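Input: a single structure, listed below in structure tokens.
The values are calculated or read from the model by the stated rules, or taken from the named source; none is laboratory data. As the structure is a prediction and not an experimental result, all values here were calculated from the model. When we count neighbours, we look across all protein chains shown, and the Cβ atoms used for this are built from the backbone with ideal geometry, even at glycine. Ligands, DNA and RNA are stripped out before the accessible areas are found, and what is left, the full protein with its side chains, is counted by its heavy atoms. Shrake-Rupley method; radii C 1.70, N 1.55, O 1.52, S 1.80 Å.
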Amino acid sequence: MTVHLVNPSHLSFGVGVITPRWLFVLGAATPAEYGRPRIVDETLEPLDLDTVHDGDIVGIGIHTGNALRGYEIGVAARGRGATVVFGGIHATLYPDEADERGGAHAVVRGDGDAVWPTVIDHAAGGTLQRRYEGGRVDADRFVPARWDLLPAGRYMWGSVQTVRGCPKHCSFCSVWRTDGQKPRQRAVDSVIAEIIELRRHGFRFVALADDNFYPVTLADLAMAERQGNVARLEQLQRLRAERFELMARLAKLPADMVFFTQITMEAAEDGAFLDAMRRANIKGALVGVEAVTPQGLKDVYKNFNHSGEALVERLQTFRNHGVFVLGSFIFGLPSDRADTFEATADVADRAGLAFAQFVMLTPYPGTVDFEAWEKKVGDEAERVAGIPITRHWLIPQAQRPKVYAPHPVMTADEIRARTQAVWDRFYSLPRIWARSRCASTTRARLAFVLISKLYRQMYANTGIATDSARVNRANRWARLIARPCRRLFVARPLAAQDQL
Ligand code: B12
Ligand code: SF4
């Protein structure tokens, strides 16, 4: 009997940017007596169904975007006599869908770390249940990933999670509802051990795949102090101290290692934290800027962000402390108007961002925005291929419209065209070249240009374009430059005797 773990994707690039962490975590959680799990990441190559046999167990992890491909795999694997188990955020939100459409024998809701061995035992022993509640496991029970299961030479970046959950409650995000608002921070030793293992495999670049790397803000501490809440204050101080301990340990790793994470803008008010990030070689962070106007921030429940000049200043503060920012902006907020696009592009230029992404407001299941949209559209929802667009992920890929939140004054096409124009402006060659000054050598500048172009192709053209010719072109191009790009990131794998 073989345990297969499959990360579905309808597009395969041959090379992946970031290791999908769940594959290697569940690989580690698979009990040794069931042998070496077979890892299949379809962003590299499609699953070869001939490798699935009667009696095997096939674990499929889905988020909303790849759920339909996951269901195809589930049905096909079940047809070959395998036991099919679904998990991941989308299966957590819609477990019944995995039964109805994906041929699931069982669905795991929540974290798989602790429950996966039981599921396999039950499947092997013929006592499988239809549902398992994995819950939110405590940080000391997070299973470290098994990096020996990595296919060689395929990924640019490793991924290690240091904290799960986020105390905020943004309206477009499901993290605080699924992963919870209580930060679950992993022990420093466990994180460092994984990073060292990744370095031994030749990874110099590691994404800290956290919801929010800065879960305790100075404002949180001040509030607990003001309230005289000693227990809360001590708890927050402990979490903060652990962050600094982690960063101090990262700082001692080989100097060629580079980290990237996701963080809220509040960190700009915490110079000590940003300095610790710089020393730790956390060279880049995705910052959810979302909107450049106060009303836009209110639209997404992100009042803790700043707008206008204060925003530009905060983003520059990251840069001044040696942390490069990938600014993430959302277009299509109810308060957006035609002039918001140019204003946003100006802020992105002036704030000294290294990279930026401009996404259109998309109602993702599990979010406040989705619930409001679903309620508003109700039974009147438009149908494509017989499927209401409130279940857009079930529409076949070739016919699937990009679904965006309805806007009071602009059409989706207008928002899309204006968004595309902002991508074009931000990633124009002269602008990329000017930004590449952040790199110290000519080689590094050229690498910056290549990566900017790859990012733009992989993200903007496949994410926003609706015509498939453009998407296919972008995919071919991304496939072509992905391999040389990978070489920029990796190092020689180390032998066992090499010291770190
Ligand atoms: C790092 C990250 C990224 C990275 C790296 C992705 C990668 N290759 O790994 C980048 C930046 C590229 C990225 C991109 C996107 N992401 Co992202 N990302 C994350 C993040 C922060 C962490 C993922 C991670 O590694 N977690 C650690 C692993 C161990 O946890 P896990 O995946 O949840 O798996 C656990 C359980 O779910 C369960 N499980 C998972 N699979 C299975 C399978 C089985 C069989 C079982 C039993 C259990 C099980 O067990 C695992 C261990 O406990 C998550 C948020 C989150 N907390 O998960 C968002 C998240 C997954 N991303 C999200 C989104 C929306 C996106 C984008 C669409 C963003 C965009 N606008 O373009 C793109 C899509 C990219 C793509 N096509 O896949 C959403 C998904 C929402 C949804 N309903 O689908 C999340 C949840 C964040 C959010 N804001 O809500 N992302
Ligand atoms: S700060 Fe980021 S992770 Fe936290 S709720 Fe908002 S968008 Fe989600």
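Residues of the range 298-314 being surrounded by 13 or more Cβ atoms within 10 Å (Cβ to Cβ) and in a helix (DSSP H, G or I), which ones?
Residues of the range 298-314 surrounded by 13 or more Cβ atoms within 10 Å (Cβ to Cβ): 298-302, 304-307, 311-314.
Selection gives Lys298, Asp299, Leu311, Val312, Glu313, Arg314.
Residues of the range 223-239 being part of a helix (DSSP H, G or I) and open to solvent by 40 Å² or more (accessible area, probe 1.4 Å), which ones?
Of the residues in the range 223-239, the ones part of a helix (DSSP H, G or I) are 223-226, 230-239.
Those that are part of a helix (DSSP H, G or I) and open to solvent by 40 Å² or more (accessible area, probe 1.4 Å): Met223, Glu225, Arg226, Val230, Ala231, Arg232, Glu234, Gln235, Gln237, Arg238.
Right, Glu33: buried (at least 18 other Cβ atoms within 10 Å of the Cβ), at pLDDT 95 or above, of a type in the set (D, E, K, R) and part of a helix (DSSP H, G or I) or not? Talk me through it step by step, then tell me what you get.
Numbers: buried (at least 18 other Cβ atoms within 10 Å of the Cβ): no; at pLDDT 95 or above: yes; of a type in the set (D, E, K, R): yes; part of a helix (DSSP H, G or I): yes.
Answer is no for this residue.
Every residue, every condition in (1) hydroxyl-bearing (Ser, Thr, Tyr); (2) without any contact (Cβ under 8 Å) to a residue 60 or more places away in the chain; (3) within 12 Å of ligand 1 (Cβ to nearest atom), yes or no:
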site	(1), (2), (3)
Gly74	no, yes, yes
Gly81	no, yes, no
Val84	no, yes, yes
His90	no, no, yes
Ala98	no, yes, yes
Gly102	no, yes, yes
Val107	no, yes, yes
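Which condition number does Gly366 fail, the rest of (1) among the small types (Gly, Ala, Ser); (2) within 16 Å of ligand 1 (Cβ to nearest atom); (3) open to solvent by 10 Å² or more (accessible area, probe 1.4 Å); (4) within 25 Å of Arg437 (Cα to Cα) being met?
Result: Gly366 fails condition (4) only.
Of the numbered conditions (1) open to solvent by less than 40 Å² (accessible area, probe 1.4 Å); (2) more than 13 Å from ligand 1 (Cβ to nearest atom); (3) farther than 24 Å from Lys283 by Cβ, Arg199 fails exactly one; give the number of that condition.
(3)
Give Arg141, Arg177, Arg199 a once-over and let me know the one that is within 16 Å of ligand 2 (Cβ to nearest atom) and either within 15 Å of the chain's Cα centre (by Cα) or basic (Lys, Arg) (or both). Outline the logic, then answer.
Values: Arg141 fails: within 16 Å of ligand 2 (Cβ to nearest atom); Arg199 fails: within 16 Å of ligand 2 (Cβ to nearest atom).
Sole residue among the options that is within 16 Å of ligand 2 (Cβ to nearest atom) and either within 15 Å of the chain's Cα centre (by Cα) or basic (Lys, Arg) (or both): Arg177.
Would you call Leu353 open to solvent by less than 30 Å² (accessible area, probe 1.4 Å) and either assigned to a strand (DSSP E or B) or modelled with pLDDT under 95 (or both)? Quick ask: steps written out before the conclusion?
On the way: open to solvent by less than 30 Å² (accessible area, probe 1.4 Å): yes; either assigned to a strand (DSSP E or B) or modelled with pLDDT under 95 (or both): no.
In short, no.
Hey, among the residues in the range 1-14 that are aliphatic (A, V, I, L, M) and crowded, with 20+ Cβ neighbours inside 10 Å, which one's farthest from ligand 2 (Cβ to nearest atom)? Show your work before the answer.
So the first thing to find is which residues in the range 1-14 are aliphatic (A, V, I, L, M), and the list is 1, 3, 5-6, 11.
Cutting the leftovers down to crowded, with 20+ Cβ neighbours inside 10 Å gives us 3, 5-6.
Values: Val3: 31, Leu5: 25, Val6: 26 Å.
My answer is Val3.
So which residues in the range 149-173 are within 11 Å of ligand 2 (Cβ to nearest atom) and surrounded by fewer than 21 Cβ atoms within 10 Å (Cβ to Cβ), if there are any at all?
Gly165, Pro167, Lys168, His169, Ser171
Which residue is nearest to Thr178 (Cα to Cα), if the candidates are limited to the range 369-383 and must be surrounded by 17 or more Cβ atoms within 10 Å (Cβ to Cβ) and touching a helix residue (DSSP H, G or I) at 6+ places or on another chain (Cβ under 9 Å)?
Let us first name the residues in the range 369-383 that are surrounded by 17 or more Cβ atoms within 10 Å (Cβ to Cβ), namely 369-370, 373.
From what's left, touching a helix residue (DSSP H, G or I) at 6+ places or on another chain (Cβ under 9 Å): 370, 373.
Values: Phe370: 14, Trp373: 19 Å.
Looking at the filtered set, the residue picked out is Phe370.
Against the conditions (1) surrounded by 14 or more Cβ atoms within 10 Å (Cβ to Cβ); (2) at pLDDT 95 or above, where does Gly271 fall short? Just the number, please.
(1)
Could you say which residue among Ala219, Ala193 is within 16 Å of ligand 2 (Cβ to nearest atom), open to solvent by 50 Å² or more (accessible area, probe 1.4 Å) and in a helix (DSSP H, G or I)?
Answer to the selection: Ala219.
With the structure loaded, tell me whether Arg146 is open to solvent by 30 Å² or more (accessible area, probe 1.4 Å), in contact (Cβ under 8 Å) with a residue 40 or more places away in the chain, farther than 23 Å from Tyr214 by Cβ and not small (Gly, Ala, Ser) or whether it fails that test.
Values: open to solvent by 30 Å² or more (accessible area, probe 1.4 Å): yes; in contact (Cβ under 8 Å) with a residue 40 or more places away in the chain: yes; farther than 23 Å from Tyr214 by Cβ: yes; not small (Gly, Ala, Ser): yes.
Here the answer is yes, as Arg146 does meet what is asked.
For residues in the range 251-264 being away from ligand 1 (no atom under 16 Å from the Cβ) and not acidic (Asp, Glu), which is nearest to the chain's Cα centre (by Cα)? Working first, answer last.
Within the range 251-264, the first condition is being away from ligand 1 (no atom under 16 Å from the Cβ), and the residues that meet it are 251-257.
From the residues that got through so far, the ones that are not acidic (Asp, Glu) too are 251-255, 257.
Details: Ala251: 24, Lys252: 26, Leu253: 24, Pro254: 26, Ala255: 25, Met257: 20 Å.
Going through the qualifying residues, I end up with Met257.
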